[in-house]
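Remarks on the structure that follows.
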Amino acid sequence: DAGVIQSPRHEVTEMGQEVTLRCKPISGHNSLFWYRQTMMRGLELLIYFNNNVPIDDSGMPEDRFSAKMPNASFSTLKIQPSEPRDSAVYFCASSFQGQPQHFGDGTRLSIL
Amino acid sequence: AQTVTQSQPEMSVQEAETVTLSCTYDTSESNYYLFWYKQPPSRQMILVIRQEAYKQQNATENRFSVNFQKAAKSFSLKISDSQLGDTAMYFCAFMKLSGTYKYIFGTGTRLKVLA
């Protein structure tokens, strides 16, 4: 049974570039979460989708960040333009009806 | 608003010994779940154990058990017979069962198991 799949695993890019992180949730899960993890701020929820609809995006830091879920099996988190302070590990997680969230392996993003 | 507090930033334990990680939370909700997640150096987030608030019996998963004190809003994790592979960050998380299913995470406890 495949878990949550995130790509890429690592991303290094220069500031000002567009970054797109991808996530494939577990089949059958109807909730999807994007998190950011840094040493300073710990785990932060960025946005949460339920049945492909964004429910809570209050954690999205600024307009440079956007997330989409065009269908039940795919979501993207985009940063444009990227800045060095966006460097972090980004996690995607999915769940079904309030059951425990299953996390992907994360994307380590480094903005130079 | 709910909050989750892990007051021990770092802990260490000798291999084969027992260690308890503390977690307290604040909520006015009556129906909720509590979780412990483990994040080893590989950075995966792995579910260790969960507790439903309506259950009085403490959850147990092999060497991992919790002490859930609902009135005190306390949810500690006990690791018995600690192993080197238990070295990781441990996060406590709260999820209410009404409205959204988002987690409120604590700041984590870094546990090191010493040989």
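Here, each number is a calculation from the coordinates, and none is a lab measurement. Values in this document were obtained by computation on a predicted structure and should not be read as measured data. Note that each Cβ is placed from the backbone with ideal geometry, even for glycine, and that neighbours are counted across all protein chains shown.
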Step through the residues of the range A:21-37 one at a time and calculate ³J(HN,Hα) from phi using the Karplus curve (6.51 cos²θ - 1.76 cosθ + 1.60, θ = phi - 60°), rounding each to whole Hz and writing x for Gly and Pro. 9, 10, 8, 10, x, 5, 4, x, 6, 10, 10, 9, 10, 10, 10, 10, 10
Starting from the Cα of B:Lys55, step 7 Å along the direction of its Cβ; do the same at B:Thr3; then give the gap between the two resulting points in nm. 2.9
What does the structure give for B:40-48 when I average, per residue, the other chain Cβ atoms found within 10 Å of the residue Cβ? 4
Give A:Lys24/B:Lys112; B:Lys55/B:Lys102; B:Lys38/B:Lys96; B:Lys70/B:Lys112 a once-over and call out the pairs whose C-alpha atoms are over 23 Å from each other. A:Lys24/B:Lys112; B:Lys70/B:Lys112
Loop by DSSP (not H, G, I, E, B), at most 15 other beta-carbon atoms within 10 Å: where is the longest site-free stretch of chain B for GluC sites (Glu not before Pro)? B:30-115
Evaluate peptide A:95-103: per residue, the Cβ atoms of other protein chains within 10 Å of its Cβ; return the mean as an integer. 5
